[in-house]
Structure formats: structure tokens, C-alpha cells
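*Asks:* Would you mind keeping the following structure in view while I ask a few things?
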Amino acid sequence: MTRDQNNSALQEYGGAKGVADLLKTNLDTGITGDDSELANRRNAFGSNTYPVKKGRTFLRFLWEAWQDLTLIILMIAAIASLALGIKTEGLEEGWYDGGSIAFAVLLVIVVTATSDYRQSLQFQNLNEEKRNIHLEVVRGGRREKISIYDIVVGDVIPLKIGDQVPADGILISGHSLAIDESSMTGESKIVRKDQKGPFLMSGCKVADGSATMLVTGVGINTEWGLLMASISEDNGEETPLQVRLNGVATFVGIVGLSVALFVLAVLFARYFSGHSKNADGTVQFVRGKTSLGDAVDGAVKIITIAVTIVVVAVPEGLPLAVTLTLAYSMRKMMADKALVRRLSACETMGSATTICSDKTGTLTLNQMTVVEAYVGRKKITSPEDSSQFSVVVSSLLHEGIAQNTSGSVFPSKGGGDIEVSGSPTEKAILQWGIMLGMNFDVIRSESTVLKVSPFNSEKKRGGLVLKRPNSEVLVHWKGAAELVLASCAGYLDSNGSRQSIENDKMFFKEAIDDMAARSLRCVAIAYRSHEMDKVPTDEEQLSQWNVPDDDLVLLAIVGIKDPCRPGVKDAVRVCTNAGVKVRMVTGDNIQTAKAIAMECGILASDADVGEHDVIEGKTFRELSEKERQLVAPKISVMGRSSPNDKLLLVQALRKGGEVVAVTGDGTNDAPALHEADIGLSMGISGTEVAKESSDIIILDDNFASVVKVVRWGRSVYANIQKFIQFQLTVNVAALIINVVAAISAGDVPLNAVQLLWVNLIMDTLGALALATEPPTDHLMKRSPVGRREPLITNIMWRNLIVQALYQVTVLLVLNFFGKDILNLDHDSQEHANKLKNTLVFNAFVFCQIFNEFNARKPDQMNVFSGITKNRLFVGIVGATFVLQILIIQFLGHFFSTVRLNWSLWLISLIIGIIGWPLAMVGKLIPVPKTPFAKIFIKPYQRCIAARSA
């Protein structure tokens with residue numbers, strides 16, 4: 001019936017009331033909602049979940065990991081090396097080199113696949129969290145907040161602007177209800193819903209009005225459920241930083257491949273020209289004397305050396321580092337009350353130069369109470385004291401508050417005080433009404449609502465028309481005080497007599513300004529009578545009729561206090577120190593906005609407020625595009641702004657080169673959230689439309705959490721840069737050492753297996769250690785990273801060159817003069833070479849371990865500060881030490897190494913440690929301002945463009 005939108009069939013069952021009776025549901029109080037009833041309903045009609053397609057299996061990740069071109073080349077090299085080793089040394093010892101390369105390659109494949117698989121699971125969990133919407137449902141006469149997954153058939157659900165329809169259902173009652181069904185039908189047309197078309201489809205959005213619905217279908221029994229079960233979310237998005245890093249990896253890989261081909265050509269020329277010699281001094285290839293088999297063996301060895309150079313040159317760890325950093329940051333941001341919906345937002349947030357923040361609920365607590373009121377010209381200092389005004393005023397106020405609201409009042413579960421639900425402003429006014437003696441249920445039952453004009457952010461007020469039992473028709477309005485006041489022709493004094501407002505309008509304006517200056521939100525309540533014969537009787541005409549909003553009579557102006565959130569002032573100060581300007585964009589009165597901005601530290605004082613620091617939305621809207629672009633950077637507070645004003649501000653700021661973050665919670669904030677570089681929606685007060693348009697959901701609606709997101713964004717970028725510096729230092733040092741040794745001596749001190757182990761340190765352990773560095777206060781003392789700033793800064797180039805120069809110098813000295821230094825003249829040539837190469841390998845690994853400490857703080861002298869806070873880093877460094885000892889002392893067969901005595905371990909350790917103070921000295925070298933990266937800019941940009949394509 002719901003799927004076919006069959007209204008005649010629905011009428012046969014007696015409409016919504018008939019279906020509710022069959023489902024044993026009360027349309028006013030809902031189901032009782034005890035556990036046994038919920039279980040019975042789930043058994044009968046299913047749960048509000050749908051089967052989600054399973055993610056890729058671990059085997060799939062293994063399959064993808066081994067298809068890396070470098071690893072395929074290495075596997076071919078391993079097979080060739082295995083065949084060569086068995087042929088020359090026999091099966092017992094000849095498999096070591098080839099087998100070791102194969103094992104190392106398999107280890108790299110397993111580690112890469114495991115890492116990718118874990119990230120996949122992480123993203124699945126985050127997507128599950130994203131889909132878990134919380135909403136209000138009426139059960140046992142009370143409104144309860146539950147998960148969308150806990151909805152059952154028969155539930156009664158109130159809907160308001162911005163909500164997502166959580167299941168299929170039938171409209172019970174509604175006012176001006178309009179549904180955006182584009183997510184289901186593909187048509188962007190807004191559909192009006194009433195008793196002629198009462199069917200609501202799951203997954204659609206409420207575009208306007210309010211309603212209550214009866215749930216008739218959940219989960220897989222809805223069109224939305226079937227649709228969602230047939231698709232799966234793709235988590236394979238590449239962020240801009242990943243694209244740039246893949247470009248770096250491609251560029252470095254091309255350089256490495258070119259060098260390897262050059263070395264290959266040189267070694268082949270040396271070998272076939274008879275200049276390559278064995279360890280005993282004999283020539284390796286003599287034309288006409290060397291057999292074909294020996295020549296092939298020699299050529300395979302040369303190819304293995306070239307492959308070794310490719311292994312060390314290709315930085316496979318760069319993309320992995322981004323994945324690890326983003327996944328780690330996403331998990332930690334969840335703990336900091338921020339749910340990341342789009343990966344790229346993590347890194348973009350680090351570049352944010354301005355935050356356009358809402359006031360209510362973000363900078364303030366959103367816990368509103370009426371603290372002051374004016375009834376007529378009389379100031380009511382104790383708002384709950386109704387004896388200060390007449391019964392006529394009291395009666396009209398009760399009626400206006402109880403009827404003109406989207407909130408509700410119901411008894412609490414424990415039987416104590418009554419509970420109030422609705423938006424914070426609605427709750428504050430309802431609680432004030434209750435203090436004045438208002439009986440919510442009785443008043444609502446005494447009159448009939450004919451037409452409702454729901455509150456929205458554009459008109460900033462809401463009203464309704466109702467008919468009393470004596471057929472008298474009244475119109476009630478409630479909204480922004482100065483806007484309602486402008487529509488008033490009179491007011492009721494505290495005795496209940498109507499007075500003309502002309503002479504007293506200035507008094508009321510001053511009262512509003514006085515309350516606003518004390519950061520109170522001002523709401524006016526007004527009414528007017530209306531002739532019954534002027535109210536349309538036809539349902540269609542009534543739906544088109546506008547609720548009269550002129551010639552109103554003012555009943556009261558109330559001042560609502562919404563205190564600033566604790567810690568907001570500190571958070572704003574942190575942002576300012578970090579070069580991020582915080583702007584308040586609110587629909588509130590300009591005076592209220594200004595007062596709250598001063599309380600939060602966005603504005604210093606009245607004396608410091610410039611011409612365009614504080615502006616009204618209307619004023620900004622009326623400027624030309626060019627003027628808006630000039631004024632926008634100066635704005636600190638925008639009051640009485642419409643959602644379109646917010647959008648215009650974001651557009652003007654972005655055109656001026658700012659990286660803009662925007663917070664929002666309403667449906668009408670969606671355009672600004674979508675337009676901004678980073679959209680931050682509110683998890684508690686935010687509508688589903690706002691959340692769908694945002695990149696990050698702030699789960700506690702707190703501005704301090706927005707600042708934490710900025711810290712994490714900067715941390716992502718900083719951690720990636722740390723890892724780039726670390727990895728490129730290793731790449732450059734190993735590449736130069738092997739190339740110089742290969743060209744001069746025809747052999748390499750660091751073989752493929754050893755370099756695969758170093759790559760494992762670089763790629764996985766190094767990425768894990770440096771990518772999980774927590775954000776520090778130092779990050780918030782820098783300026784934001786510009787959009788077009790080079791990824792490898794001059795500071796990183798300086799550190800990289802100093803460290804690589806040291807490593808290359810020391811290790812080449814060891815390589816060429818190691819036998820003399822170690823006094824190995826009496827050893828056999830083979831053992832002396834192996835011992836010297838083992839020392840070079842060991843010293844190289846120790847250099848990387850200490851270089852990892854240097855990479856932690858590229859621009860700070862004290863690289864050990866905060867090291868105890870990152871236990872993972874300490875654990876990884878410790879694990880690398882232990883594994884290196886195991887490799888040298890117990891697994892030498894596989895790595896072509898020999899055991900070292902304590903003195904050689906000490907030499908390796910000293911070589912590694914010296915790199916640390918040298919790096920400190922290197923940080924004293926002044927850095928040029930022109931980006932060093934410009935040297936490589938054109939080939940690098942080609943790699944980025946190719947990667948993006």
C-alpha cells in the first residue's frame with residue numbers, strides 16, 4: 001500500500017487511525033515501548049536495518065598488495081637469485097639469498113595487506129557510526145531519543161524541518177509539510193504532503209513544515225532499505241595530500257629507476273670489457289674463455305644489483321604513511337567528539353585560516369532560561385511571578401505559548417516533575433509558561449488549530465491560526481523581538497487594556513537593546529483576532545493561505561539567557577594565536593551577538609570595534625560583490641543573518657584566498673556547509689540535511705571540539721612531513737652509497753635483502769611511529785599551511801641534506817677503508833668483505849633509528865620533548881633494536897651478514913648517535929626563503945598531473 005501510494009486502500013482500512021488500531025498503536029501516545037513489545041514487533045515486521053555488502057576480504061588485499069611493480073621485479077629477481085645460488089653453491093646453502101628476498105617480499109606484502117585491511121575495517125566502523133542517526137519518537141506518551149536502528153513498525157515519530165524520514169509511514173497530522181523526495185525519485189521537486197497524499201518514504205528529507213507519522217515499514221521492507229542493501233560505500237577516495245604524495249613517490253621512483261638503468265649500463269660495460277674482478281683479483285669475464293653459463297650468471301648478478309637500487313629508490317611507504325596517519329587521526333578525532341565523513345577534510349582543516357561559527361549551541365551552552373520579561377511597559381524581574389499582570393494577559397500568553405510551539409510537555413517517567421521537549425528556545429518559553437501556571441494539555445485541547453506557519457531561519461518567526469470553542473479566531477506569533485515588534489500596532493498593558501504602540505515603540509526598542517547588550521536572546525509574543533469568514537474553508541485554499549502577520553498586539557518580550565560554554569574563550573584565543581580568525585555568524589539580534597562575541601573573546605572591547613567588525617546580514621547582503629570581497633575579511637560578527645548571508649560571506653572569503661571552515665546545524669546552513677572548504681555540522685542539534693552537507697560532524701556541538709579538529713588537521717600534515725623527511729633521507733643515503741660503490745667497485749655493500757629490511761623499517765614501522773605522533777601545542781603557534789606551499793619545505797631539505805651527507809660520508813669511508821680500519825688484512829677475502837658489509841649495514845640501520853628521533857621535530861632543537869606520550873614510537877624504536885640484533889647475531893645466513901663482537905656493535909651505535917647532535921647543529925644553518933623544491937617543480941608537477949589523471 002505504501003509502495004504503491006494507494007490512498008483508496010488506506011481509506012478502506014480507516015486511514016491512519018484504522019491502520020494504527022490494527023497495529024495496536026495509539027496515535028497520541030504511541031506504543032508502550034517495553035522490551036517484550038519491541039521484540040514482538042521486530043519478529044513480526046523486521047528491524048530497521050538492512051544488510052550491508054561485506055567489505056573486501058583479507059585475501060583480496062593480499063592479491064592487490066603483491067601486484068606492485070617493484071615487488072613483481074623483486075620476485076623475478078628472487079627466482080633468478082635462487083636459481084643462480086643453487087647452481088653455484090648447491091641446494092644446501094645456495095637458496096639463502098633468493099629465499100631471503102622472497103621471504104622479505106612476502107613479509108612486505110603481508111604487512112601492506114594487513115595495514116590496508118585494518119584501515120578498511122576502520123572506515124566501515126566509521127560509516128556505521130555515520131548512519132546511526134538519533135531521533136525523537138513518541139512512546140508511552142513521552143518523547144524519547146532513540147537510534148534509527150531501534151525504530152519498529154507502529155512507532156509514532158514527530159518530524160520537523162531538516163529531519164530524514166527514518167522509515168516508510170503514513171502522515172498522522174502535519175502543518176505545511178513538504179518533503180524532498182529527490183533521493184528516491186531523482187526529481188528535485190518538493191512534494192507537499194497532506195491527507196490526500198499521506199505516504200512518506202524512508203530516506204527522504206523534510207524540506208518544510210512539521211508533522212507526526214506512523215511507521216508502517218522498516219529496514220529491508222522499504223524502498224530505501226532495498227536501495228541501500230544493493231549498493232556499498234566506496235572508501236577508496238584519494239585525498240589531495242595522497243595524490244601529492246603519490247606524485248612524490250612516482251617522481252622519486254622515476255629518478256631511482258633512471259639511476260638503476262645508468263648503473264646497469266655501467267656495470268655491463270665494466271663486466272663485458274673485462275674490468276670487473278672477483279674477490280681474489282681474477283677477471284670475471286674474458287672474451288672467448290668465459291663460458292655462456294658463467295656469463296649469464298654474471299649478468300644476473302649485475303641485474304640483481306640494479307634491482308637492489310630500484311628497491312631502495314622507490315619509497316613505497318609514502319602512500320602507506322598517509323593511510324596510517326589519516327586512519328589514526330580519524331580514530332582519535334572520534335574520541336575528541338569529531339566524526340570525519342570525508343577523509344580529505346582531515347588534512348584541509350590544518351590549512352584553515354578562518355572559522356565561521358554559529359552562536360547558539362556552539363559558542364554557547366544551548367541551555368536557555370527566561371530571566372527577564374516585559375509585559376506592556378512593565379518589567380517583570382521575577383519572570384515566574386504571574387501576579388504582576390492581569391488574567392486576560394495571562395490567559396492569552398498561556399494560549400500563545402502552548403499552541404504556537406513545536407515542543408511538548410509530558411509527565412516524567414518516575415512520576416515526579418513534568419518534562420519538556422523541543423528546541424532549547426521552545427523549552428525555555430514552555431518552562432516559563434509552566435511557571436506562570438499554564439496547563440499545556442488542557443489549553444491545547446480547548447481550541448482547534450486551523451493553519452500553522454512553522455518557524456524557519458529566513459523569516460525568524462512562527463505563527464498559527466486557531467479557533468476557540470466560541471468560534472472566535474485568533475492568530476498567535478512568536479519570534480525575533482524587533483521583527484515581531486515592527487508588525488505590532490498595539491500592546492496589552494499589565495492590566496489587560498489595549499494601548500497604541502506608536503508612542504511607546506522607542507521604549508520597547510530600547511528594552512530589546514538593553515537585554516541584547518547583556519547577551520540575552522529577545523523573543524516577542526504577539527497575537528491578533530481575525531474574522532472567521534475570512535479564513536478559507538477549502539483545504540487546498542487553506543494550504544495556500546498565508547497566516548496574517550500585520551496589525552499585531554504585543555503580549556510580552558522575554559529575555560532568554562544562554563550562557564557561554566566553558567573553555568570557549570580559551571579555544572578562541574588558541575585559534576587567534578594559530579592565525580585562524582574566528583567569526584560569529586548568527587540569526588540573533590546584533591546587540592546580543594556583539595555581547596556574546598565579547599564574552600567569548602571574538603571581539604576585544606567596544607573601543608576596538610572597527611567599522612565593519614560588526615555587521616548586519618541585511619547590510620552585507622546589499623553590498624556589491626566587489627564591496628563584499630573587501631568587507632568580508634574585516635567581519636568578526638554578523639548578526640540577524642539569513643542562511644544566504646552566510647553563503648555570501650563564505651563565497652567572498654574563499655574568493656579572497658581564505659581556507660574557510662563553517663559550522664552549522666540547520667537545513668538552511670546546507671549551502672554554506674557545502675560551499676566551505678570544510679563543513680562542520682552539529683551532531684546533537686544538527687539536522688540530517690546539515691550533516692549530509694558537511695565533511696565533519698561535531699558530536700558534542702562544542703566549539704572547543706572544532707579547535708581540536710584544527711589541531712588534528714595540522715598534526716596530519718606535520719606527521720606526513722616528518723615521515724617524508726625520514727624516508728627521503730634513507731632513500732638518498734642508500735641510493736648514493738650503493739651507486740658509488742657499484743660504479744667504483746662493481747659490487748654493493750647493501751644487498752636486496754638488507755634493503756628490504758630497511759624498507760620495512762622505513763615503510764611500515766617508521767610510518768607507524770611518526771604517523772601516530774599526537775598533536776602538540778607547538779602546532780597551534782604556527783601560521784596555517786598555505787594551499788600551494790611545497791610539501792617538502794626548505795627546513796626539511798636542510799635537515800635531509802645534512803643527515804644524508806653525514807650518513808653517505810661515514811658509510812662510504814667504512815665501505816672503502818673498512819678493512820684497513822678494522823685491521824682485516826689477515827682474514828680471508830670473503831670473510832673480510834662480509835664483516836665490512838655487515839658493519840656498513842648495521843651502522844646504516846642505527847643511523848636510521850636515531851634519524852627517526854630527528855624526524856620527530858623537524859624545526860625544534862629538543863627532539864625528545866613529549867616522547868613519553870607516544871608509547872608506540874618508543875615501542876617501535878625498541879622493537880627495531882631487538883630485531884636488528886636478532887638479524888645480525890642469529891639470522892646472518894638469510895641477510896648475508898656475519899656476527900659482530902661488542903666493539904663493532906659499539907662502533908655502529910656511536911655512528912648512529914653522532915647523527916643526532918649533527919642534526920641539532922644542522923638546525924642552526926639559516927634557511928633560504930625561496931622554495932628549494934622549485935628546482936624540481938616541472939617534472940614533479942608532471943608526476944602529480946599523471947597521478948591525478
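*Asks:* Taking the range 375-396, which residues are modelled with pLDDT under 85, part of a helix (DSSP H, G or I) and either of a type in the set (Ser, Thr, Tyr) or buried (at least 20 other Cβ atoms within 10 Å of the Cβ) (or both)?
*Replies:* Matches in the range 375-396: Ser386, Ser387.
*Asks:* Oh, and also: Read through the list (1) open to solvent by less than 10 Å² (accessible area, probe 1.4 Å); (2) at pLDDT 90 or above; (3) touching a helix residue (DSSP H, G or I) at 6+ places or on another chain (Cβ under 7 Å), then give the number of the only condition that Trp432 fails.
*Replies:* (3)
*Asks:* Ok, one more. Is at least one residue of the range 133-149 crowded, with 19+ Cβ neighbours inside 10 Å, modelled with pLDDT of 85 or more and part of a helix (DSSP H, G or I)?
*Replies:* Yes, the range 133-149 contains at least one residue that is crowded, with 19+ Cβ neighbours inside 10 Å, modelled with pLDDT of 85 or more and part of a helix (DSSP H, G or I).
*Asks:* Sort out which residues of the range 22-61 are of a type outside the set (D, E, K, R), assigned to a helix (DSSP H, G or I), out of contact with any helix residue (DSSP H, G or I) (no Cβ under 9 Å at 6 or more places or on another chain) and in contact (Cβ under 8 Å) with a residue 60 or more places away in the chain, and write them in order of number.
*Replies:* Result: Ala44, single match.
*Asks:* Next question, about the same structure. When both residues are 6+ apart or on different chains and their Cβ atoms are under 7 Å apart, which pairs have a first residue that lies in the range 289-311 and is of a type outside the set (Lys, Arg), and a second that is assigned to a loop (DSSP other than H, G, I, E, B)?
*Replies:* Ala295/Phe285; Gly298/Gln284; Gly298/Phe285; Ile305/Val748; Thr308/Val748; Thr308/Asn751
*Asks:* Under 7 Å between Cβ atoms, which residue pairs at least 6 apart in sequence (or on different chains) link something in the range 617-630 that is within 11 Å of Leu649 (Cβ to Cβ) with a partner that is at pLDDT below 90 and among the hydrophobic types (A, V, I, L, M, F, W, C)?
*Replies:* none
*Asks:* Ok, one more. What are the residues in the range 515-539 that are assigned to a helix (DSSP H, G or I) and either at pLDDT 95 or above or touching a strand residue (DSSP E or B) at 6+ places or on another chain (Cβ under 9 Å) (or both), if any?
*Replies:* Met515, Ala516, Met532, Lys534, Glu539
*Asks:* When you scan the range 441-456, do you find a residue that is assigned to a helix (DSSP H, G or I), open to solvent by 60 Å² or more (accessible area, probe 1.4 Å) and in contact with an Asp or Glu (Cβ under 9 Å, 6 or more places away or on another chain), even just one?
*Replies:* So far as the range 441-456 goes, yes, one or more of its residues are assigned to a helix (DSSP H, G or I), open to solvent by 60 Å² or more (accessible area, probe 1.4 Å) and in contact with an Asp or Glu (Cβ under 9 Å, 6 or more places away or on another chain).
*Asks:* Also, quick follow-up: Suppose we filter Leu106, Leu69 for residues that are of a type outside the set (D, E, K, R), modelled with pLDDT of 75 or more, surrounded by fewer than 19 Cβ atoms within 10 Å (Cβ to Cβ) and under 18 Å from Val310 (Cα atoms); which single one remains?
*Replies:* Residue meeting the stated conditions: Leu106.
*Asks:* Moving on to the next point. Residues Ala742, Ala767, Ala843, Ala804: which one is under 20 Å from Leu326 (Cα atoms) and in a helix (DSSP H, G or I)?
*Replies:* Ala767
*Asks:* Moving to a separate point now. Only one of these is crowded, with 21+ Cβ neighbours inside 10 Å and closer than 19 Å to Gly479 by Cβ: Asp588, Asp677, Asp695, Asp701. Name it.
*Replies:* Asp588
*Asks:* Output the number of residues of the range 212-221 satisfying the condition of being buried (at least 24 other Cβ atoms within 10 Å of the Cβ) and over 14 Å from Thr25 (Cα atoms).
*Replies:* Count: 2.
*Asks:* Do we find that Ile76 is under 15 Å from Lys301 (Cα atoms) and either open to solvent by 70 Å² or more (accessible area, probe 1.4 Å) or part of a helix (DSSP H, G or I) (or both) in this structure?
*Replies:* Yes.
*Asks:* Would you call Val840 under 33 Å from the mean Cα position of the chain (by Cα) and open to solvent by less than 70 Å² (accessible area, probe 1.4 Å)?
*Replies:* So Val840 does not fit the description; no.
*Asks:* Next question. Starting from the range 540-564, take each residue that is in contact (Cβ under 8 Å) with a residue 40 or more places away in the chain and among the basic types (Lys, Arg) and list its partners that are part of a strand (DSSP E or B) and crowded, with 18+ Cβ neighbours inside 10 Å, counting only C-beta distances under 7 angstrom and pairs at least six apart or across chains.
*Replies:* The qualifying pairs are Lys561/Leu520.
*Asks:* State whether one or more residues within the range 397-404 are touching a residue at least 60 places away in the same chain (Cβ under 8 Å) and either open to solvent by 50 Å² or more (accessible area, probe 1.4 Å) or under 30 Å from Gln651 (Cα atoms) (or both).
*Replies:* No, there is no match, as no residue in the range 397-404 is touching a residue at least 60 places away in the same chain (Cβ under 8 Å) and either open to solvent by 50 Å² or more (accessible area, probe 1.4 Å) or under 30 Å from Gln651 (Cα atoms) (or both).
*Asks:* Another question about this same structure. From the list Ser115, Ser81, Ser120, which residue is open to solvent by less than 30 Å² (accessible area, probe 1.4 Å), closer than 30 Å to Ala327 by Cβ, in a helix (DSSP H, G or I) and in contact with a Gly (Cβ under 8 Å, 6 or more places away or on another chain)?
*Replies:* The match here is Ser120.
*Asks:* Would you check which residues across the range 561-582 are touching a Cys at 6+ places or on another chain (Cβ under 8 Å) and surrounded by fewer than 22 Cβ atoms within 10 Å (Cβ to Cβ) and list them?
*Replies:* Correct list: Cys564, Lys569, Lys581.
*Asks:* Same structure, new question: Just one of (1) closer than 30 Å to Arg139 by Cβ; (2) open to solvent by less than 70 Å² (accessible area, probe 1.4 Å); (3) touching a residue at least 24 places away in the same chain (Cβ under 8 Å) trips up Gly18, so point out which.
*Replies:* Every listed condition holds for Gly18 apart from (3).
*Asks:* Here's a follow-up. Among residues belonging to the range 409-429 that are surrounded by 19 or more Cβ atoms within 10 Å (Cβ to Cβ) and touching a residue at least 60 places away in the same chain (Cβ under 8 Å), point out the one that is farthest from the chain's Cα centre (by Cα).
*Replies:* In this case the residue turns out to be Ile429.
*Asks:* Scan the range 864-903 residue by residue and report those that are among the small types (Gly, Ala, Ser), open to solvent by less than 40 Å² (accessible area, probe 1.4 Å), part of a helix (DSSP H, G or I) and within 20 Å of Ala832 (Cα to Cα).
*Replies:* Hit for the range 864-903 is Gly892, nothing else.
*Asks:* Let me ask something additional. Inside the range 891-931, can you point out the residues that are at pLDDT 90 or above and aromatic (Phe, Trp, Tyr)?
*Replies:* Trp902, Trp905
The values are calculated or read from the model by the stated rules, or taken from the named source; none is laboratory data. This structure is a prediction, so every number in the text was calculated from the model and none was measured. Counting neighbours? That spans all protein chains shown, and the Cβs are built from the backbone with ideal geometry, glycine included. We work out accessible area using only protein heavy atoms, side chains counted, and drop any ligands, DNA or RNA first. Shrake-Rupley method; radii C 1.70, N 1.55, O 1.52, S 1.80 Å.
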